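Asker: Before I ask anything, here is the structure I am working with.
Computed from the coordinates by the stated procedures, all read-outs in this text should not be read as laboratory data. All of these numbers come straight from a predicted model, not from anything done at the bench.
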Amino acid sequence: MKNCWMFVITGMLLIVTTTGFGRMAYGVILPFMQEGLSLTTIQSGYLGTMLFLGYVLTVGLSGALQHTLVQKMFC
């Protein structure tokens, strides 16, 4: 059981790290994306909004999925 918690903690840290870098990287590469893809400010805003909504949905669904899986596995 002790080994299991190491996997859980490692997975959580990896998710937090990659999500954080991914969200921060968008702001850094946005000017280059706008120039390279000829995006307007409105299009860039839509892209950022979709990325944020995807993040929110993923976090929300993973919480609900985790709750369901824990109930099935341990209850």
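Asker: Angle check, please: helix 41-74 long axis (alpha carbons) against the longest principal axis of the chain (alpha carbons), in degrees 0 to 90, nearest 10.
Answerer: Roughly 10 degrees, rounded to the nearest 10.
Asker: Pairing the Cα long axis of helix 2-37 with the longest principal axis of the chain, what angle in degrees results, from 0 to 90 and rounded to the nearest 10?
Answerer: On a 0 to 90 degree scale, this one is about 10.
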